[in-house]
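Asks: Take this structure first; my questions come after.
The values are calculated or read from the model by the stated rules, or taken from the named source; none is laboratory data. None of the values given here were measured: they were computed from a predicted structure. For neighbour counting, all protein chains shown are included, and Cβ atoms are generated from backbone atoms with ideal geometry for every residue, glycine included.
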């Protein structure tokens, strides 16, 4: 049981380290997907929004972590 | 249709990402082997490999049932989450805000624990269990990496070859060196892998959404370059934030 729990924990931990980063990325992906599939956003524009959004999320997350560790 | 940039980047990403995971598993197997003996080390390793093979055999065919577009969206999402997570940590390590992963320390810690358990009548079982857990947990990550970088384009065989090459390299080097592979530039590898997996994720999400990337597969190089420039700039900026006393060794 401990091994199974550890394996599940490892699986989840592979994708989620900073909860805010994971949530923001998931929301961004969802919004872009809805925009492209339902709101007529051109697919390439959606992909570029996704790229820019992920970069911003990465920058924000790293800055936040650095500020927290700096104290 | 996949071409040279896609195939080579698939093999490279799978190889580098798997290399990091296999080195970590090797450290534990080595600790078990040198402290408790090679029988529990190999027993735990082989059992874990059997379990991993069973997982792949059972889950593998299920991937073929998923429509390609949905598969790319799902794998793209997981790759973005996985890639950003690795990249974020690699950036923070390079900037000095997180200590580098130390294989020597991990080896010493595991060895110490095994020595404490030596008096336990289940010592061999516990040692084998340690090897089993290490191989299983790191192996799950390798399986995901192979599926994630290979499934979206029918390149699982190439991704698998990359992972196998990483395993073979670690085994061969480990047999000669017989100590933790602490000289592997782990954070550099994680940095590169984070860049690659994030780029793959964006690329396949885009394809899953129906985007026609300019230059097709060559746009992967462009996405990688954008991520790399941003990440390196971020490391530079963050290094300026940390106080000298707060700095830890950075690669």
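Asks: Only one residue in B:92, B:71 is over 20 Å from residue B:133 (Cα atoms) and at pLDDT below 85, so which one is that? Show your work before the answer.
Replies: Details: B:92 fails: at pLDDT below 85.
Criteria check complete, one pass: B:71.
Asks: Can you name the number of the only condition in (1) assigned to a loop (DSSP other than H, G, I, E, B); (2) modelled with pLDDT of 90 or more; (3) within 15 Å of the chain's Cα centre (by Cα) that residue A:32 fails?
Replies: Against the list (1) assigned to a loop (DSSP other than H, G, I, E, B); (2) modelled with pLDDT of 90 or more; (3) within 15 Å of the chain's Cα centre (by Cα), residue A:32 comes up short only on (1).
Asks: Within 14 Å of chain A (Cβ to nearest Cβ) and either within 22 Å of the chain's Cα centre (by Cα) or touching a residue at least 24 places away in the same chain (Cβ under 8 Å) (or both), is that true of residue B:55?
Replies: yes
Asks: Filtering the stretch A:36-65 down to residues that are farther than 24 Å from residue B:229 by Cβ and touching a helix residue (DSSP H, G or I) at 6+ places or on another chain (Cβ under 6 Å), which residue is farthest from the other protein chains (Cβ to nearest Cβ)?
Replies: So the residue we want is A:41.
Asks: So is residue B:148 at pLDDT 80 or above, assigned to a helix (DSSP H, G or I) and within 24 Å of residue B:177 (Cβ to Cβ) or not?
Replies: Considered against the rule, which asks whether it is at pLDDT 80 or above, assigned to a helix (DSSP H, G or I) and within 24 Å of residue B:177 (Cβ to Cβ), residue B:148 comes out as no.
Asks: Let me ask something additional. Is it true that residue B:120 is more than 14 Å from chain A (Cβ to nearest Cβ), within 20 Å of the chain's Cα centre (by Cα) and surrounded by fewer than 17 Cβ atoms within 10 Å (Cβ to Cβ)?
Replies: Judged against the criteria, residue B:120 is not a match.
Asks: Does the stretch B:186-199 contain any residue that is within 12 Å of chain A (Cβ to nearest Cβ) and within 18 Å of residue B:3 (Cβ to Cβ)?
Replies: yes
Asks: Might you let me know whether the stretch B:125-132 holds any residue that is away from chain A (no Cβ under 14 Å), surrounded by 15 or more Cβ atoms within 10 Å (Cβ to Cβ) and either at pLDDT 90 or above or closer than 30 Å to residue A:58 by Cα (or both)? Full working, then the answer.
Replies: Applying the first criterion (away from chain A (no Cβ under 14 Å)) to the stretch B:125-132 yields B:127.
Okay, now just the ones that are also surrounded by 15 or more Cβ atoms within 10 Å (Cβ to Cβ), so B:127.
Applying the additional criterion that residues be either at pLDDT 90 or above or closer than 30 Å to residue A:58 by Cα (or both) yields none.
Checked against the condition, which is being away from chain A (no Cβ under 14 Å), surrounded by 15 or more Cβ atoms within 10 Å (Cβ to Cβ) and either at pLDDT 90 or above or closer than 30 Å to residue A:58 by Cα (or both), the stretch B:125-132 yields no hits at all.
Asks: Would you point out which residue out of B:175, B:161, B:181 is out of contact with any strand residue (DSSP E or B) (no Cβ under 9 Å at 6 or more places or on another chain), under 19 Å from residue B:57 (Cα atoms) and surrounded by fewer than 24 Cβ atoms within 10 Å (Cβ to Cβ)? Walk me through it before giving the result.
Replies: On the way: B:175 fails: under 19 Å from residue B:57 (Cα atoms); B:181 fails: under 19 Å from residue B:57 (Cα atoms).
Only one candidate qualifies: B:161.
Asks: Could you please find all residues in the stretch B:114-131 being in a helix (DSSP H, G or I) and over 23 Å from residue B:20 (Cα atoms)? Steps first, please.
Replies: In the first step, residues of the stretch B:114-131 are kept if they are in a helix (DSSP H, G or I); the result is B:114-119, B:123-131.
Result: B:114, B:115, B:116, B:117, B:118, B:119, B:123, B:124, B:125, B:126.
Asks: When residue B:207 is evaluated against the numbered criteria (1) under 25 Å from residue B:96 (Cβ atoms); (2) touching a residue at least 60 places away in the same chain (Cβ under 8 Å); (3) in contact with a helix residue (DSSP H, G or I) (Cβ under 8 Å, 6 or more places away or on another chain), which criterion, by number, is the only one it fails?
Replies: (1)
Asks: Here's another thing I want to ask about it. Only one of these is under 21 Å from residue B:146 (Cβ atoms), in contact (Cβ under 8 Å) with a residue 24 or more places away in the chain and buried (at least 22 other Cβ atoms within 10 Å of the Cβ): B:49, B:87. Name it. Write out each step before concluding.
Replies: Numbers: B:49 fails: buried (at least 22 other Cβ atoms within 10 Å of the Cβ).
B:87 is the lone residue from the list that is under 21 Å from residue B:146 (Cβ atoms), in contact (Cβ under 8 Å) with a residue 24 or more places away in the chain and buried (at least 22 other Cβ atoms within 10 Å of the Cβ).
Asks: Something else about it: Name the pairs: first residue in the stretch B:221-242 and facing chain A (nearest Cβ under 8 Å), second residue part of a helix (DSSP H, G or I) and loosely packed, with under 14 Cβ neighbours inside 10 Å, Cβ to Cβ under 7 Å, at least 6 apart or on different chains?
Replies: B:241/A:70; B:242/A:70
Asks: In the stretch B:204-219, which residue that is more than 8 Å from every other protein chain (Cβ to nearest Cβ) and part of a helix (DSSP H, G or I) is modelled with the highest pLDDT?
Replies: Among those that are more than 8 Å from every other protein chain (Cβ to nearest Cβ) and part of a helix (DSSP H, G or I), it is B:219.
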